[in-house]
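Read through the structure below, which is laid out as structure tokens, and then see the notes.
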Amino acid sequence: LKKLILMTFLMKRKIYKFKSTNDFLDSICSHLYEVYINKIAKRNYFNLGLTGGNTPQIIYRFLIKNYAKKINWKLVNIFFIDERYVDHNNSNSNYFTTKKHLIMKLKQKPNFVYKINYTDDIKKDALEYNKIIGSNSIDLAILGMGEDGHVASIFPDSEFIKSKVNVVPIQREYNGFPRISMTINSINKIDNNILIISKNATKLEIIESNDILKPVNMIKNLKVFIQI
């Protein structure tokens, strides 16, 4: 039954492919803006979930150039889907790169940025962010994936794949870092998930394989934007 349910939402997943970088970025940001307009009309604020990696940085630049004035950033709250457990001034921090490439570039600052704390107590900080995510509803998340099919910081061999909590502490190091991450369960509560893939044949193969053992293929409400 679980496999049947997974295959059902995989069939509903939408995949968009682009040869042009501009078309790739424009489509992502247009969709983000459409969801933003819809949510603002309903309740006058917009909750945006962000992740790390290089591709989000070019999306941020496109947003700044084309949407800095269209979006009322004072009505935007920013959350993080996952975070490397490092100091906020560390260049490996998702918060650091988001601040550098998006927040500091905006003349009008977001209403609130819910960064994941770093106090050298990973369990405590994960529990704190678990409460924050549990008390808020993210309207749209920009997601990345790894070449092993991981999404956020939930890897294929993760003990947290089936976790029912919102946020978990990942003390085992991946690529040199422990992490704090939203779970598959909590990401699946988000109505609009955008998966971004830029010129990577391995990642495209995983998406098109519909391999339900890969964490990325467990995500619901997913629109996949791929630059080929």
Worksheet item: Can you find a residue in the stretch 175-190 that is open to solvent by 50 Å² or more (accessible area, probe 1.4 Å), without any contact (Cβ under 8 Å) to a residue 12 or more places away in the chain and either within 20 Å of SER27 (Cα to Cα) or among the charged types (D, E, K, R) (or both)?
Response: no
Worksheet entry | Which numbered condition LEU75 misses (of (1) in contact (Cβ under 8 Å) with a residue 40 or more places away in the chain; (2) in contact with a strand residue (DSSP E or B) (Cβ under 7 Å, 6 or more places away or on another chain)) | (1)
Worksheet item: Has the stretch 122-129 got any residue that is open to solvent by less than 40 Å² (accessible area, probe 1.4 Å), without any contact (Cβ under 8 Å) to a residue 60 or more places away in the chain, assigned to a helix (DSSP H, G or I) and over 18 Å from THR98 (Cβ atoms)?
Response: yes
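The rows are residues; the columns are (1) on the phi < 0 side of the Ramachandran plot; (2) under 12 Å from the mean Cα position of the chain (by Cα).
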residue	(1), (2)
ASN44	no, no
GLY52	yes, yes
ARG61	yes, no
LYS74	yes, no
ASN77	yes, no
ARG84	yes, no
ILE103	yes, no
PRO110	yes, no
GLU128	yes, no
Worksheet item: Which residue pairs have Cβ atoms closer than 8 Å, lie 6 or more positions apart in sequence or on different chains, and pair a first residue in the stretch 84-109 that is in contact (Cβ under 8 Å) with a residue 12 or more places away in the chain and acidic (Asp, Glu) with a second residue that is open to solvent by 50 Å² or more (accessible area, probe 1.4 Å) and part of a loop (DSSP other than H, G, I, E, B)?
Response: ASP87/TYR118
Item to complete: List every residue pair whose Cβ atoms lie under 7 Å apart, where the two residues are 6 or more positions apart in sequence or sit on different chains, the first residue falls within the stretch 21-50 and is in contact (Cβ under 8 Å) with a residue 12 or more places away in the chain, and the second residue, located anywhere, is among the small types (Gly, Ala, Ser).
Response: ASN47/SER137; GLY49/ALA141
Item to complete: Determine, yes or no, whether ALA141 is in contact (Cβ under 8 Å) with a residue 12 or more places away in the chain, more than 22 Å from TYR60 (Cβ to Cβ) and buried (at least 19 other Cβ atoms within 10 Å of the Cβ).
Response: no
Worksheet entry | Criterion violated by ILE206 - all others in (1) in contact with a strand residue (DSSP E or B) (Cβ under 9 Å, 6 or more places away or on another chain); (2) open to solvent by less than 10 Å² (accessible area, probe 1.4 Å); (3) touching a residue at least 60 places away in the same chain (Cβ under 8 Å); (4) not charged (D, E, K, R) satisfied | (2)
Response to the item:
Of (1) without any contact (Cβ under 8 Å) to a residue 60 or more places away in the chain; (2) open to solvent by 40 Å² or more (accessible area, probe 1.4 Å), ASN136 fails just (1)
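The values are calculated or read from the model by the stated rules, or taken from the named source; none is laboratory data. Everything quoted here is computed from the prediction, not taken from an experiment. Cβ: placed from backbone, ideal geometry, glycine included. Neighbour counts: every protein chain shown. Only protein heavy atoms, including side chains, enter the accessible area calculation; ligands, DNA and RNA are left aside. Shrake-Rupley method; radii C 1.70, N 1.55, O 1.52, S 1.80 Å.
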